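Asks: Sharing a structure below in structure tokens format, with a few things to ask.
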Amino acid sequence: MGERTANVQAGSIGETLEALAATLHGRWDADPQLSYTARLLQGKPDKLLSRVAEEAAEVIMACKDDDHDHIRYEAGDLVYHLLVVMERYGISLDELAGELNARMK
């Protein structure tokens, strides 16, 4: 488990996801020696995919502990890694929104 984030304030999820997605997109040209995201984007797919599985398991464990702050922290890790997967495989936030919107009908 990572160190818990201090002083978390509510934000706008749409703005946050769009800003993060733009940052991730910009990491394609970054030096993998200097950027964890670049390593995930440019490295072997199994490394990234195993991170998604690991983060999902950590969300589950945090939920089993019924620890609100820990759940939020691990959910942040999971969403980050999922967005890296989407970037790596060319799925935009708008495309994801369309998928989710189609399911609400």
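Asks: Tell me, what HN-Hα J-couplings in whole Hz come from the Karplus equation 6.51 cos²θ - 1.76 cosθ + 1.60 at θ = phi - 60° for each residue of segment 28-38, using x for Gly and Pro?
Replies: Running phi through 6.51 cos²θ - 1.76 cosθ + 1.60 with θ = phi - 60° gives 4, 8, 6, 6, x, 5, 10, 10, 4, 4, 4 Hz.
Asks: How many percent of the alpha carbon pairs in the chain exceed a separation of 24 Å?
Replies: 31
Asks: While we're on this one: Between segment 73-103 and segment 1-38, how many Å separate their Cα centres?
Replies: 13
Asks: Sticking with this structure for a sec: Per-residue ellipticity at 222 nm for the chain, helices alone: DSSP H runs ≥ 4 residues times -39500 (n - 2.57), over residue total, nearest 500 deg cm²/dmol?
Replies: Rounded to the nearest 500, the figure is -22500 deg cm²/dmol.
Asks: Working with all protein chains in place, sort Asp31, Asp46, Asp77 by solvent-accessible area computed with a 1.4 Å probe, largest first.
Replies: Asp46, Asp31, Asp77
Asks: Can you work out ³J(HN,Hα) from phi for every residue in segment 76-82, in order, using Karplus 6.51 cos²θ - 1.76 cosθ + 1.60 and θ = phi - 60°, giving whole Hz and x for Gly and Pro?
Replies: After applying 6.51 cos²θ - 1.76 cosθ + 1.60, I find x, 4, 5, 5, 4, 5, 5 Hz.
Asks: Let me ask something else about it. May I ask you to evaluate 6.51 cos²θ - 1.76 cosθ + 1.60, the Karplus curve with θ = phi - 60°, for each residue of segment 86-95 and list the ³J(HN,Hα) values in order in whole Hz, giving x for glycine and proline?
Replies: Per residue, the Karplus-derived 3J(HN,Hα) values read 4, 5, 4, 9, x, 9, 7, 4, 5, 5 Hz.
Asks: Roll a 1.4 Å probe over the protein chains and send me the accessible area per residue for the chain in Å².
Replies: 70
Asks: Further question: Which one of Leu24, Leu41, Leu93 has the biggest mean-square fluctuation once the chain is modelled by GNM with Cα springs under 10 Å?
Replies: Evaluated over the chain, the most mobile residue of the options is Leu93.
The values are calculated or read from the model by the stated rules, or taken from the named source; none is laboratory data. Predicted, not measured: the structure shown is a model, and the values here were computed from it. Note: areas computed on protein heavy atoms with side chains; ligands, DNA, RNA excluded. Shrake-Rupley method; radii C 1.70, N 1.55, O 1.52, S 1.80 Å.
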